[in-house]
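First comes the structure, then the notes that go with it.
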Amino acid sequence: MSRKTVIGSATIFAVLALWFLLTSVTQVISPGRFPSPSDTWLAFVQITGKGYANGVLTEHILRSVMLVTLGFLVAVCTGVPLGLLMGWSRRAEALINPVFLIIRPIPPLAWIPLAILWLGLGDMAKIMVIWFAAFVPSVINAYAGVRSLDRTLIEAAQMLGTPMLTFMREILLPGASPMIFTGLRLSLQASWTTLVAAELVGAMTGLGRVLNAAQQDLYPGMILVGMIAVTLCGWLMTVALGIAERYALAWNTAAKALD
Amino acid sequence: MTRILKTDNAFLLGTIGLCSFLALWTLLSLSGLVPRLFLPSPVEVAGRFIHLLSHRFADGTLLDHLWASMLRFAGGFGLAVLIGVPLGLLMGWFRLLDDIVTPLFDAVRFIAPIAWVPFAALWFGTGIGGPIMIIFAGAFPPCLINAYRGAKFVDPRLIEAARMLGTPDLRMISEVLLPSAVPSIIAGLRISAGLGWQSLVGAELIVASTGIGYMMVQGQGNVSTTTVMSGMIGIGIIGLVIDIVLRGAETAILRRRGLAT
């Protein structure tokens, strides 16, 4: 084991021990402020068994993950083509960019009240907010991806009279895809944060709803369980996207290995 | 008409794009396809924005709310910079500290700032403290990471020269690492300010009794779409101003070092 892993695991272990010592053993930190390990475990058992805030943990997770996936897909399916178009055609860029520049500085979370006003507290409002959150990074990176294409490649294809569809499939998309995936990663993170915030503001089920209910019940154990669930789900989705990226860009790493 | 469609004049096309966007919005609103209550026309929103500058809504004018938000932002962002940058530099110099803090930091970093809301409310209340903690949670990681990276990528010759001259640790950090890391740090500050401002908006939507986010929630409760949209405009403008100020600082610093053109 390297020095780094030894010190790293020792630190994590020390922090966990300190947590146990300060809460359960000495109660320096009162149970109303931060939960002890056993409180957290009890909260976990409660939410997986009996359920909390209208559902058991898996229901909340499925709900949140489903909404994020839907909103994210809508954003990607609209944002990436728009970005590609703006990257490809100077005219489209000049036409759309000013509108985009006006909307861009508004943080995704600021759309939440408007979404609730328009669509209520249901799923549609959440999907709309996620869409706005994930749209901007998708567009910007697809756009940058097209702009980073090798000019020689484009000119060669044009000189050989490549038809438009073949050109898009064989050159535009593959060339821009590394940047597109960077955009997707940013989009996914933004989607997840925004969904949790939207659910905190108002929802029937979902992880944000768990956090909100736990905050109102002054239930620190459940707050911690909710936070851990939010963090793990967010992380797992990023990992899943990373695997998809490696699969989709396999040709690229192969090309790099040849260099 | 065909001449216009074929033009490559970016300014003209941009104006056309912007105008058609506003025209479509106005048309949707005035035609009654979408109820006026939910989609007011751009003119109405602009009117409401100007009205709110001098008239009180939810215990204050738009400027009062923006001011309250900016104070919170300054608190959270300032704390993040004051703790994050020195800690990042120290971690870049002392390996033991690096090995201890990095695993903890990596574990905490993945928590979305917004997920801290319940604990922030529980620990620091919903007035000033809670939102400041959430802004801090959003703004802290980029400060630390960029200071750390900046410190790690200092020219080794500089460090060797300083060490040969017997520079003590703290002076090494303040006079060798810090100056070399400044470009990286200021790039981090820009990211950090953006994330902090976003987190602030989220925090104020959920827990706050003043501020621009609170005003928007009240507007939503009163079904006043114009108020909500005015809030969004205010947030967008302040966010832009913060970014422009920091970008200006970035170019000024880079130019002074002869790194930018």
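Among the residues of region A:219-236, how many are more than 7 Å from chain B (Cβ to nearest Cβ) and surrounded by fewer than 24 Cβ atoms within 10 Å (Cβ to Cβ)?
So the answer is 8.
Of the numbered conditions (1) within 14 Å of chain B (Cβ to nearest Cβ); (2) of a type outside the set (G, A, S); (3) surrounded by 23 or more Cβ atoms within 10 Å (Cβ to Cβ), A:F72 satisfies every one except a single condition; which is it?
All conditions are met except number (1).
I'd like to check which helices (runs of 4 or more DSSP H) are fully inside region A:95-204 and have at least 3 residues that are within 14 Å of chain B (Cβ to nearest Cβ).
Hits in region A:95-204: A:112-119, A:123-147, A:173-201.
I'm trying to understand the selection: among the residues of region B:182-223, which are over 23 Å from B:D243 (Cα atoms) and surrounded by fewer than 19 Cβ atoms within 10 Å (Cβ to Cβ)?
B:S209, B:Q218, B:G221, B:N222, B:V223
Based on this model, can you work out whether A:G208 counts as assigned to a helix (DSSP H, G or I) and closer than 21 Å to A:A248 by Cβ?
Answer is no for this residue.
Restricted to region A:4-23, and to residues that are under 30 Å from the mean Cα position of the chain (by Cα) and within 10 Å of another protein chain (Cβ to nearest Cβ), which residue is surrounded by the most Cβ atoms within 10 Å (Cβ to Cβ)?
Among those that are under 30 Å from the mean Cα position of the chain (by Cα) and within 10 Å of another protein chain (Cβ to nearest Cβ), it is A:G8.
Being of a type in the set (A, V, I, L, M), at pLDDT 90 or above and either surrounded by fewer than 24 Cβ atoms within 10 Å (Cβ to Cβ) or part of a helix (DSSP H, G or I) (or both) narrows it down to one residue among A:A240, A:A254; which is it?
Exactly one of A:A240, A:A254 is of a type in the set (A, V, I, L, M), at pLDDT 90 or above and either surrounded by fewer than 24 Cβ atoms within 10 Å (Cβ to Cβ) or part of a helix (DSSP H, G or I) (or both), namely A:A240.
Just the residues that are buried (at least 17 other Cβ atoms within 10 Å of the Cβ) and either on the phi > 0 side of the Ramachandran plot or β-branched (V, I, T) (or both), please, taken from region A:27-54.
A:T40, A:I47, A:A53
Residue by residue through region B:231-261, note down the ones that are small (G, A, S) and more than 12 Å from chain A (Cβ to nearest Cβ).
Result: B:G248, B:A249, B:A252, B:G258, B:A260.
Hey, A:A203 hits all of (1) at pLDDT 90 or above; (2) closer than 18 Å to A:E59 by Cβ but one; which does it fall short on?
(1)
So which of A:L184, A:L173, A:L149 ends up being over 30 Å from B:M215 (Cβ atoms) and under 17 Å from the mean Cα position of the chain (by Cα)?
It is A:L184.
Take the residues of region B:201-230 that are part of a helix (DSSP H, G or I), touching a residue at least 24 places away in the same chain (Cβ under 8 Å) and of a type in the set (G, A, S): which is farthest from the other protein chains (Cβ to nearest Cβ)?
Here the residue is B:S230.
Is it true that B:A112 is within 13 Å of chain A (Cβ to nearest Cβ) and either under 21 Å from the mean Cα position of the chain (by Cα) or among the acidic types (D, E) (or both)?
Against the criterion (within 13 Å of chain A (Cβ to nearest Cβ) and either under 21 Å from the mean Cα position of the chain (by Cα) or among the acidic types (D, E) (or both)), B:A112 qualifies.
Determine whether B:Q198 is facing chain A (nearest Cβ under 10 Å), over 20 Å from B:G92 (Cβ atoms) and free of Cβ contacts under 8 Å to residues at least 12 places away in the same chain.
no
The values are calculated or read from the model by the stated rules, or taken from the named source; none is laboratory data. All of these numbers come straight from a predicted model, not from anything done at the bench. Neighbour counts run over all protein chains shown; Cβ positions are idealised from the backbone, glycine included.
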